[in-house]
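The values are calculated or read from the model by the stated rules, or taken from the named source; none is laboratory data. Everything numeric here is computed off the predicted structure, so don't read it as measured data. Don't worry about glycine lacking a Cβ; one is built from the backbone with ideal geometry, like all the others, and counts go over all protein chains shown. Each accessible area value is taken on the protein alone, full model and side chains, heavy atoms only, with ligands, DNA and RNA left out. Shrake-Rupley method; radii C 1.70, N 1.55, O 1.52, S 1.80 Å.
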Amino acid sequence: MRKYLALSTAAAALVGAAATAYAAAPATPADTAARPLAGLRVLISNDDSMQAAKPSNSDGLGLYELRRAMCAAGADVVVMAPWQVQSGKGTAVTNGGVVTAQRRTELPAGYEDDCASAPSQGAVYGVCLSAGPCGKDTPSATPADTVKLALRGGLRAKAGWRDAPDLVLTGINSGPNVSASVNDSGTVGAAVAAIDQGVPALAFSSSGDATNTSFPRVNYRANAEFGARFVAGLRRHGLLTSAFALKVDYPDVSAGQRAKAPVWTRVGDGAVVYHAFEQRGTSDSFDIALGLCPFDGSGEGECAEGREDADSTWLLAKGHVTIAPLTWDRTYGTPVEARRELGRVERYVTHEAPRP
């Protein structure tokens, strides 16, 4: 049994409400094929921030594409995301101080009316570490912070949601989250924070272009539109579960190629990107840089990939959408408690999931 530190009475009540596993609202006969997510309440977060201001599209544009696709499918969406880019924060949390959830009133061009007909109108909040307004240089809450805030009172205060959302979606991340980088991923960390509170969650990531420095809108849009259909299928089959999160990575399609069919994978045991440290002469200082391994798993040392069903190999070398289950429990050799649910989701991904 998991143990937690004692909370205040009010906070404990909020946690208790959020920790209940809420089943997604079933679709009604009035729902149409064009709105398969009607009645579904969705929280969206990420680790790239909600700014969407950089030419490289690496600071939250994917979040707006995911918001757009979910609202188009009929979902009621609220966004609570880090104020600043928090890539690589994993499951890190802030242990003291004050956070502010500040609503964004001027959305990125082209996304203003995407959720106009939704009950919550797709409200977007950036969460910063401040007792006052969030400014240009205000420090940011972590991805896990934003989800915990939302589920432990933030959505009640800002959106009037008395219960937990039916689903938490994180991303779409700028770049894939595969192999060893999964442990560092704030996108994954935010999804883990959701299932930790008993709420189903999916973490979405998209590959960049051939240069790995730019993240085309077309990749985000293809991922988001697939994601809406994928979530609709999970909902229709009763497979939205908080027993584990699902990690969905989408290949680069910016040169006109099509993504290949979804594949059920495991997190690879090698690395694709790793942290490198170069000492500055003989000083005590080291420059931090990102090293890049071969995409086909042919590298040596920490770059070597030993799993045939590795997410990185199927995504980067073969061009498939890759899907892998993740939980907060990293205990080696632990029994799979939700084996039946896991098998049902794997069969759905393998045989029935939508094709890109």
**Asked** Which value, in Å² rounded to 10, gives the accessible area of Asp137 with a 1.4 Å probe and all protein chains present?
**Response** 130 Å²
**Trp328, Trp314, Trp83, reordered so the largest accessible area comes first (probe 1.4 Å)** = Trp328, Trp314, Trp83
**Request:** Can you bin segment 253-356 into rounded, prolate or oblate? Criterion: square roots of the alpha carbon gyration tensor eigenvalues sorted a ≥ b ≥ c, rounded for a/c under 1.5, prolate for a/b above b/c, oblate for the rest.
**Result:** oblate
**Complete:** With the label point 7 Å along the Cα-to-beta-carbon line of Ala338 and a cut-off under 13 Å to each amide N, the hits in segment 168-192 are 168, 191-192
**Fill in**
For segment 147-226, the Debye formula with one identical point scatterer on each Cα and no solvent gives log10 I(q)/I(0) at q = 0.13 Å⁻¹ as -0.48
**Message:** Give me the dipole magnitude in Debye, nearest 20, for the chain about the Cα centre, with unit charges on the beta carbon: positive for Lys and Arg, negative for Asp and Glu.
**Reply:** 1180 debye
**Complete:** With all protein chains present, segment 219-315 has a carbon and sulfur share of its accessible area (1.4 Å probe) in percent of 49 percent
**Message:** Given 37 °C and 0.692 mPa s, compute D for segment 213-285 with the Stokes-Einstein relation, Rh being the Kirkwood radius over Cα pairs; round to the nearest whole µm²/s.
**Reply:** 205 µm²/s
**Request:** Could you provide, to the nearest whole Å², the per residue accessible area of the chain with probe 1.4 Å?
**Result:** 47 Å²
**Prompt:** Counting only DSSP beta bridges with both residues in the chain, what percent are antiparallel, rounded to the nearest 5?
**Reply:** 40 percent
**Request:** For segment 90-197, give the magnitude of the charge dipole about the Cα centre (Cβ charges: +1 Lys/Arg, -1 Asp/Glu; no others), in debye to the nearest 20.
**Result:** 360 debye
**Length gained when the stretch Ala276-Glu308 is fully extended (0.36 nm per residue, less Cα-Cα span)** = 8.9 nm
**Fill in**
Checked against the positive end of the charge dipole of the chain (+1 on Cβ of Lys and Arg, -1 on Cβ of Asp and Glu, about the Cα centre), the farthest of Ala150, Gly238, Gln51 is Gly238
**Asked** Which one of Thr138, Gly160, Pro335 is farthest out on the positive end of the charge dipole of the chain, using unit charges on Cβ (Lys, Arg +1; Asp, Glu -1) and the Cα centre as origin?
**Response** Gly160
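Ordering Ser242, Ser207 from largest to smallest accessible area (1.4 angstrom probe), what's the sequence?
Details: Ser242 30, Ser207 10 Å².
So, going from the largest accessible area down, we get Ser242, Ser207.
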**Asked** With every protein chain left in place, what is the accessible area of Ser205 in Å² (1.4 Å probe, nearest 10)?
**Response** 0 Å²
**Complete:** Taking the chain, the whole-percent share of alpha-carbon pairs separated by over 29 angstrom is 36 percent
**Asked** What does the charge dipole of segment 104-263 about its Cα centre add up to, to the nearest 20 debye, if the Cβ of each Lys and Arg holds +1 and the Cβ of each Asp and Glu holds -1?
**Response** 360 debye
**Prompt:** Does a label point 7 Å from the Cα of Asp269, set along Cα-to-beta-carbon, have any residues of segment 283-306 with amide nitrogen under 20 Å, and which are they?
**Reply:** 293-306
**Fill in**
Checked against a 25 Å limit on the C-alpha separation, the offending pairs among Lys54/Lys136; Lys89/Lys136; Lys148/Lys247; Lys54/Lys89; Lys148/Lys260 are Lys148/Lys260
**Request:** Determine how large the accessible area of Glu225 is when every protein chain is in place; take a 1.4 Å probe and give Å² rounded to the nearest 10.
**Result:** 90 Å²
**Complete:** Summed over the other residues with a beta carbon less than 15 angstrom from that of Pro139, with K and R at +1 and D and E at -1, the charge totals -1
**Complete:** Charge tally for neighbours of Thr187 with beta carbon under 13 Å away, counting Lys, Arg as +1 and Asp, Glu as -1, is -2
**Item:** Kirkwood Rh and Cα Rg combined as Rg/Rh, segment 170-216
**Value:** 1.05
**Item:** Positive minus negative residues near Pro82 (Lys, Arg vs Asp, Glu; Cβ under 9 Å)
**Value:** -2
